[in-house]
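Okay, so here's the structure we're looking at.
The numbers here are math on the coordinates, done by the rules we state, and not lab data. Note that this is a predicted model, so its numbers are computed, not measured. Every residue, glycine as well, gets a Cβ built from its backbone with ideal geometry; the counts of neighbours run over all protein chains shown.
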Amino acid sequence: MPLKLLSSLVMSGLPPWFPEPMRIVKVGSTIGALALTKWYASGSTCRADRDMHGRVVIITGGTTGIGAITAYELANRGAQIVLLTRQPPTDPFLAEFVDDLRDRTNNQLIYAEQVDLASLHSIRQFATRWVDNVPPRRLDMIILCAATLTPPGGRRSKTPEAGIETTWMVNFLANFHLLGILSPAIRAQPFDRDVRIIIPTCSTYIASPPLDAPFEDKNWSPGAAYARSKLALMVFAQAYQKHLDAYKRPDQLPMNARVFLADPGYTRTAGMMRWLTRGSLFGLLLYMLVYPLVWLLLKSPLMGAQTILYAALEGSLVREPGGKLFKECMEVDYARKDIKDEEVAKKLWEASDKLIEKAEKEAAVKRAKQKQEEEKKKEEEKQAKQVEEIESLVDAISKGKKKEAEKAKAKANTANKTKKGKTGKAAGSS
Ligand SMILES: NC(=O)c1ccc[n+]([C@@H]2O[C@H](COP(=O)([O-])OP(=O)(O)OC[C@H]3O[C@@H](n4cnc5c(N)ncnc54)[C@H](OP(=O)(O)O)[C@@H]3O)[C@@H](O)[C@H]2O)c1
């Protein structure tokens, strides 16, 4: 058969149904170029691996996108996962998510704890509970995947609790606050434990306005706010590593906790979709129309999680100093000098501390006032109920008395009538 085909090709050339060679080259090179683009855009795959059994991992943003894949991969390797979620664990969707994750990974050690990263109080409640545990709870890893991004053209919003700009609060201040309170728990881990704090960042930090430049209403834009929050996280990550390294352990051994920054690259997640669609229906329609292009150029959440998994699973990092930035599963340099600027870090740390102190005080006063008002309302309701009860009692008594009086009157009337009857009869007989 092949010989027959070859001889007919030699004798009479290409059959008429066969496409022109140039066309084949064109189609082939287009497919090749698309495959190459897809391969390049998908980025590197994490080859690192290690057993996670027995290790305790806290993850924020672990229910969607890159965080959900990270949580799955670590749970699949046996880690105990504590998901910090905005919703309470009783939320039916969250309960189902946790159950599903347990089933898929055959790992029952997956829990959810409610922590709203837009609330300093909520973060403090969780973190102090964790730190107050005696003996100190095991903690091997903290992965801070949660983030928020206002779609382009969106308005600047503030947190309901403390009036702090939302992007700054959720993306930066919440992590600053959480790690600040958890610091004793991190430092208390035994020396032989490889403790890692992994902070996802984004290359948009390169274009961020400097942290000390005014960033009020008129300079605010969703993109700049996001980039600035990521820049702040990166500056804080360096300062936090120094803060950990400066701790004198009781066993005199060096610090075993490392902070790593990981850039996942542009990924098709819910957050990214909100950004691309501008959070509008029309945007969603356009997104669906250009989805093949989005699919081609952006990573899948699985590929987006690879660099975070590298920071979590690469064994050799235990011998390296913290403070490194990873991208495509390898170490890269910072593109800005101010990330390692101690003066910038000091100012950021002090300003954040001050802001948190002020906001927490104000929020506490607000909560106390609210509690007072609620108690006052409850007391008023209680009093009103008591008055109502007394009134109904008085009413019942007066009604009872009235009934008794009527009964007595009726009795007297019947007695009178019988008396009259008797006297009438007596008069008749005489
Ligand atoms: N996607 C990208 O292209 C890209 C690129 C570079 C860097 N990154 C970074 O990678 C990380 C993961 O990105 P992603 O795209 O997977 O994120 P995402 O899909 O937007 O998910 C964000 C997560 O943060 C949680 N979150 C938001 N506000 C919260 C709050 N107030 N309290 C508690 N949790 C809150 C969300 O919880 P709910 O589900 O309850 O809303 C969600 O689980 C982020 O740090 C992001 O900045 C992403």
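Here Leu34 fulfils each of the conditions (1) in a loop (DSSP other than H, G, I, E, B); (2) farther than 22 Å from Glu314 by Cβ; (3) in contact (Cβ under 8 Å) with a residue 60 or more places away in the chain apart from (1). Within segment 58-78, residues that are within 25 Å of Ser183 (Cα to Cα) and basic (Lys, Arg) reach no partner that is assigned to a strand (DSSP E or B) and more than 7 Å from the ligand (Cβ to nearest atom) with beta carbons closer than 9 Å at six or more positions or on different chains. Restricting to segment 325-359, count the residues that are surrounded by 14 or more Cβ atoms within 10 Å (Cβ to Cβ) and either in contact with a helix residue (DSSP H, G or I) (Cβ under 8 Å, 6 or more places away or on another chain) or among the polar types (S, T, N, Q) (or both). Matching residues across segment 325-359 total 19.
Exactly one residue out of Glu165, Glu113 is over 19 Å from Val82 (Cα atoms) and either of a type in the set (Asp, Glu) or away from the ligand (no atom under 15 Å from the Cβ) (or both), and it is Glu165.
Candidates are the residues of segment 123-146 that are free of Cβ contacts under 8 Å to residues at least 24 places away in the same chain and part of a helix (DSSP H, G or I); the one that is farthest from the ligand (Cβ to nearest atom) is Arg129. Set side by side, the residues Gly265, Gly223, Gly271, Gly279 differ, and just one is over 18 Å from Arg47 (Cα atoms), within 14 Å of the ligand (Cβ to nearest atom) and not in a helix (DSSP H, G or I), which is Gly279. When Thr90 is tested against (1) away from the ligand (no atom under 13 Å from the Cβ); (2) free of Cβ contacts under 8 Å to residues at least 40 places away in the same chain; (3) in a helix (DSSP H, G or I); (4) more than 21 Å from Ile142 (Cβ to Cβ), only condition (3) is not met.
When Asp99 is tested against the conditions (1) surrounded by fewer than 18 Cβ atoms within 10 Å (Cβ to Cβ); (2) free of Cβ contacts under 8 Å to residues at least 40 places away in the same chain; (3) within 18 Å of the chain's Cα centre (by Cα), the lone failure is (3). Considering the conditions (1) part of a helix (DSSP H, G or I); (2) among the aromatic types (Phe, Trp, Tyr); (3) surrounded by 15 or more Cβ atoms within 10 Å (Cβ to Cβ), Phe260 is excluded by exactly one of them, (1).
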